[in-house]
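Everything below concerns the one structure shown next.
The values are calculated or read from the model by the stated rules, or taken from the named source; none is laboratory data. Quick caveat: nothing in here was measured; it's all calculated off a predicted structure. Here Cβ is always computed from backbone atoms with ideal geometry, including for glycine, and neighbour counts include all displayed protein chains. These area figures cover heavy atoms from the full protein model, side chains too; ligands, DNA and RNA do not enter into them. Shrake-Rupley method; radii C 1.70, N 1.55, O 1.52, S 1.80 Å.
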Amino acid sequence: MKQKLPTIVVLITVVALMSCGENKSGFYDQSAIQALDKLSETIGNLSSASFTINTEIVTNDGATDTIVKQSDVYLSGSNQMYVYFSRADVRKGYWYKDAKLSVLDFDHDQYDEVPAPATIMETIDSIHNRYNIDFPAADFLYPTLTDDLMAQFDTIAVLGSKVIDDVSCKEINATNANLDVYMLIDEATNLPKQLEIYHLGERNGETFIATYSNWRTNPNLPDELFEFSPPASSTKTSIFK
Amino acid sequence: MKTYKLNHIILILVFAFLSGEILAQRMQHAPARGGGGGARPSGSINGGASRTASRPQTSQASKPSYTPKTQNRANTTASRPQVSNRKTEINNNRTGNENKIGGGGNKINIDNSKNVNVNVNRNVRVNNYHSNRYYNGHRGYYPYHYHPYRPYYYGPVWHPFGFFVATMFTTAVIVSLNNQPYYYNQGVYYVEVNNGYNSVPPPVNITINNLPDGVESVTLNDLTYYYYAGTFYEKVSDGFKVIVAPDGAMVLNIPDGGEELEIDGNKYVFYNDTYFQPLAKDGKDLYQVVSMEEN
């Protein structure tokens with residue numbers, strides 16, 4: 001009996017892993033999957049884009065705290081990005097070009113630069129993993145969005161239509177044991193309009209709402225927008241750490 | 001010994017699983033590898049959409065039978081940050097624009113990363129109070145959205161401030177304000193100088209009989225204004241009066257002579273003593289008049 005225990009553990013582990021892999025089953029509404037694919041294709045076909053994201057985050061670390069911030073995002077090709085980020089007491093700019101990521105803290109007049117991978121997506125990934133920085137809109141930028149969602153969520157379904165900021169949106173709900181996510185996609189443009197994430201389980205009460213506006217598709221963005229040169233008065237410090 | 005081997009296998013299996021599912025951002029994503037796979041359009045911002053061939057089965061049911069899990073879901077959009085008062089840094093050495101109202105005055109360099117020196121006549125910041133006001137049904141200013149300033153060409157008879165002509169146009173008319181005569185011709189105002197005439201900013205409160213060709217009407221909070229080449233007019237009993245740019249008005253074009261300047265990290269066009277904030281609406285690049293407060 002004692003010797004059989006590891007075998008049982010292996011079997012359980014393998015079954016558990018398989019259930020999280022390609023053979024994962026769940027309720028996946030075909031129209032929701034098609035809408036997500038269309039969104040991915042629309043974003044994938046952009047050679048440049050700019051948009052604004054307003055984000056409201058409720059954290060629940062002992063006491064509930066609400067963080068409100070705004071980001072203006074500019075993307076050009078696969079290797080140029082500029083993000084201007086602001087909240088009540090912080091203003092930062094992120095410039096990514098020529099495999100280099102720079103950040104400027106406007107309020108403290110400090111900057112930092114680090115080598116970065118060759119593409120926007122790899123850079124977003126790398127910075128997230130190394131410095132725990134979430135880039136705005138990153139979820140919708142992943143080219144494997146639909147597959148990622150199907151791998152992570154048990155249910156993905158269209159709930160219907162909803163109007164956000166006078167924009168008619170298709171509302172898609174994705175759920176698993178820990179997250180209840182609502183994605184609102186502009187029905188006219190197939191671009192994201194709002195992302196709502198509600199934590200369940202241990203992190204119940206924490207929420208994340210991001211509203212997208214000012215979408216410009218394939219604008220002619222000047223290269224200078226993505227170039228960073230430190231202001232003469234600024235000092236270099238370790239902002240990325 | 002056998003137990004050790006099996007535990008070792010378990011460890012390898014778990015590690016292999018985790019290494020393929022590195023988490024990224026708020027929802028979990030597979031790690032990006034050069035930006036997607038499959039067909040990759042040249043120059044795509046994310047390398048082009050990608051999908052696997054073996055997906056879980058989908059259902060054709062248009063609506064699930066379950067109800068969403070979150071009952072107290074926010075029925076709103078994300079709030080916008082209330083930006084605290086910020087001091088504009090004074091630092092600059094650029095000479096003033098003599099043709100501008102205020103004559104250049106103090107010179108400031110507003111913080112930015114590209115050493116773009118700007119020249120305005122005071123330390124300013126956007127008046128945040130206006131986030132509580134409505135403009136044509138929109139609360140507060142439209143969100144800032146940068147687009148490069150491209151001066152609009154108003155035709156051969158329009159001239160920027162400071163333009164000199166030796167002979168006045170035959171089509172010009174004389175209008176006066178506070179005993180100062182001005183020559184008005186197709187939206188441009190001139191004053192007499194030695195041996196000729198210089199164009200000047202339109203004097204506020206001066207009244208003309210006819211608006212120039214190409215004038216646009218601008219509706220703001222149910223009031224109609226007229227806009228031409230950076231100048232706003234309102235209808236009065238005896239013609240059209242030049243007014244201070246109405247806060248919140250949106251226009252399509254700004255003529256040559258504006259300055260793109262950076263305030264609190266955003267770029268504005270400063271022209272005719274007015275700050276224009278770039279925005280995008282309905283696929284068009286527009287500007288909205290914004291009010292600035294002195295620091």
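General observations
- For the cross-link pairs A:K69/B:K281; A:K170/A:K193; A:K97/A:K241; A:K92/A:K236; A:K69/A:K193, the ones whose C-alpha atoms lie over 18 Å apart are A:K69/B:K281; A:K97/A:K241.
- Taken across both chains, chains B and A shield about 7900 Å² of accessible surface from a 1.4 Å probe.
- With bins 10 Å wide beginning at 0, the percent of Cα pairs of region A:25-236 falling in each bin runs 8, 31, 36, 20, 5, 0.
- Ranked from largest to smallest solvent-accessible area, with a 1.4 Å probe on the protein heavy atoms, A:M183, B:M250 come out as B:M250, A:M183.
- The heavy atoms of B:H138 offer some 50 square angstrom of accessible surface to a 1.4 angstrom probe.
- With contacts taken as Cα pairs under 8 Å and at least 6 residues apart, region B:197-295 reaches a relative contact order of 20 percent.
- Length-normalised contact order of region A:25-236 in % [C-alpha pairs under 8 Å, at least 6 apart]: 25 percent
- Distant-in-sequence amide H partners of B:K281 (H built 1.01 Å from N, under 5 Å): B:L286
- Listed residues A:T66, A:T52, A:T146, most fluctuating in chain A (Gaussian network, C-alpha, under 10 Å): A:T66
- Relative contact order, whole percent, for region A:85-195 stands at 12, derived from Cα pairs under 8 Å and 6 or more residues apart.
- Cβ neighbours within 10 Å from other chains - mean over A:119-128: 6
- Near A:T235: Cβ cut-off under 11 Å, other residues only, Lys/Arg at +1 and Asp/Glu at -1. The net charge is -2.
- Inter-chain neighbour count for A:146-156: the average number of beta-carbon atoms from partner chains within 10 Å of each residue's beta-carbon is 5.
- Choice from A:P222, A:P230, A:P192 with maximal GNM fluctuation in chain A (Cα, 10 Å cutoff): A:P222
- Cα centroid separation, region A:52-111 to region A:137-182 (Å): 23 Å
- A crude spin-label estimate for the pair B:L177 and A:N178, with each label 7 Å from Cα along the Cβ direction, gives 6.5 nm.
- In order along region B:221-233, the phi-based Karplus estimate (6.51 cos²θ - 1.76 cosθ + 1.60, θ = phi - 60°) of 3J(HN,Hα) comes to 6, 6, 9, 9, 10, 10, 10, 8, 6, x, 10, 9, 10 Hz; Gly and Pro are listed as x.
- J(HN,Hα) series, region B:169-180, from Karplus relation 6.51 cos²θ - 1.76 cosθ + 1.60, nearest Hz, glycine and proline x: 5, 5, 8, 6, 10, 9, 10, 10, 8, 6, 6, 9
- Shielding of A:94-106 by partner chains, average beta-carbon count, 10 Å: 1
- Label-to-label distance for B:K69 and A:F240 is 3.5 nm, based on points extended 7 Å past Cα in the beta-carbon direction.
- Per-residue Karplus couplings for region A:110-117, computed as 6.51 cos²θ - 1.76 cosθ + 1.60 with θ equal to phi - 60°, are listed in order as 10, 9, 8, 9, 9, x, 9, x Hz, Gly and Pro entered as x.
- Solvent exposure, largest accessible area first (probe 1.4 Å, DNA, RNA and ligands not counted), of A:K193, B:K267: B:K267, A:K193
- Burial ranking of peptide ranges B:196-207, A:100-111 (average Cβ count within 10 Å, highest at the top): A:100-111, B:196-207
- Remark: spin-label model distance B:N209-B:K281 equals 3.5 nm, labels positioned 7 Å along the Cα→Cβ axis.
- Among B:216-223, A:208-215, the order from most to least packed when residues are scored by Cβ within 10 Å on average: A:208-215, B:216-223
- Region A:170-241 shape via C-alpha gyration tensor axes, a/c threshold 1.5: oblate
- Average accessible area per residue (Å²) across chain A - probe 1.4 Å, nucleic acids and ligands excluded: 41 Å²
- By accessible area with a 1.4 Å probe, ligands and nucleic acids excluded, highest first: order of B:S237, A:S234: B:S237, A:S234
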